[in-house]
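The values are calculated or read from the model by the stated rules, or taken from the named source; none is laboratory data. In this text the structure is predicted, and so the values were computed from the model without any measurement. Positions of Cβ are backbone-derived with ideal geometry, glycine not excepted, and every protein chain shown enters the neighbour counts. Side chains are part of the model used for accessible areas, which takes the heavy atoms of the whole protein and leaves out ligands, DNA and RNA. Shrake-Rupley method; radii C 1.70, N 1.55, O 1.52, S 1.80 Å.
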Amino acid sequence: MKKLILLAVLVLVLGAHPSWAADASWQQVKENNRLTVGFCAHYPPFESRNEKTNELEGFDVDMGRALAQAMGVAPAFVDAEWQGGLKKGDYDILITCMSKSEARADQVNMSDVYYRLPDVMVVNKKNTAIKTRADLKGKTVGVQVGSGSEQIADKMAADFKEIKRYNYNPEAFTDLAHGRIDAVIVGYAYAVTQIKKTPAFKVVGKPLHEAEIVMVMKSGADQLTQKVNQALAAIQSNGTYEAILNKWLALD
């Protein structure tokens, strides 16, 4: 009898303690009938604003819409400086070309990998001195702050004259075009987008690294993470993912 009473007390205590409350991450999305997606729209072809219409567009935007549809809810997008907003509840999920190594900086839940992104070296087309990673020795290299490319550059810092850090990649490419830096380390998809716009640049050498890109949710949002992974598997199997990939990230 005493064991039964003790067990009943433990159940009541555990059930009442807020830290042991059931995960409501998916329930909240379902009740709101909305999956709120956070990102920073300065990273084409993953996410940006159309120069003519100012509408959000890109691989991550279409991914967010397709995932929400597969989950049976409406998509909503928050274009903001997203650091910290996940914990505050400004959005349910980050879909913003974030690598596993970037995501690990915080205590978060990560989805299955949805894209593998090589990081490459980009130089001015007139530059014939930089052809391989070894040629970056003593050079000034630009990277975007908070990116996986910045982490790669930091590991190679002893080889460089200087690492210049930019809020956004376009600023780095502007300096590259004007000869203020020697190279930019950046994701291949973004590099190709810039080269299509401005043929003054070229990719050189082998990829420095391949990043596994994931979606990020609040730590403990296990139910939502499971639903997102199920939705990702669904759009990969029905051809939707491939269509989005070919639209935004086909590099040939």
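Okay, here's what the table says:
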| read-out | value |
| --- | --- |
| Efficiency of FRET between ASN50 and ALA134 - r from beta-carbon atoms, R0 45 angstrom, step 0.05 | 0.65 |
| P(r) histogram, all alpha-carbon pairs of the chain included - 10 Å bins from 0, percent | 7, 28, 29, 19, 10, 4, 2, 1, 0 |
| Within the accessible area of the chain (1.4 Å probe), percent carbon and sulfur | 51 percent |
| Taking only Cα atoms of the range 85-138, radius of gyration then Dmax in Å | 17.4, 49 |
| Average accessible area per residue (Å²) across the range 192-239 - probe 1.4 Å, nucleic acids and ligands excluded | 50 Å² |
| Approximate shape of the range 45-151 as ellipsoid semi-axes (Cα gyration tensor, √5λ), whole Å, largest first | 32, 18, 13 |
| Whole-Å distance, taken between Cα centres, linking the range 139-187 and the range 200-252 | 24 Å |
| From phi via Karplus (6.51, -1.76, 1.60), per-residue ³J(HN,Hα) for the range 49-55 in Hz, x at Gly/Pro | 10, 4, 5, 8, 9, 6, 7 |
| With eigenvalues of the C-alpha gyration tensor scaled by 5 and rooted, the range 100-210, Å | 23, 16, 13 |
| Accessible solvent surface per residue of the range 135-179, calculated while the other protein chains remain in place, 1.4 angstrom probe, Å² | 49 Å² |
| Stretchable slack from ASP159 to THR198, in nm (0.36 nm times residue separation minus alpha-carbon distance) | 11.2 nm |
| GLU212-ARG34 pseudo-label distance in nm [points 7 Å out on the Cα-to-Cβ vector] | 3.3 nm |
| TYR166 long-range amide H proximity, modeled H, under 5 Å | VAL143, GLN144, VAL145 |
| Loop sites in the range 127-219: chymotrypsin sites (Phe, Trp or Tyr not before Pro), DSSP, at most 15 other Cβ within 10 Å | TYR168 |
| Computed accessible area, MET110, all protein chains, 1.4 angstrom probe, square angstrom | 60 Å² |
| Segment ARG104-ALA243, extension gain: residue separation times 0.36 nm, minus the distance between their alpha carbons | 47.1 nm |
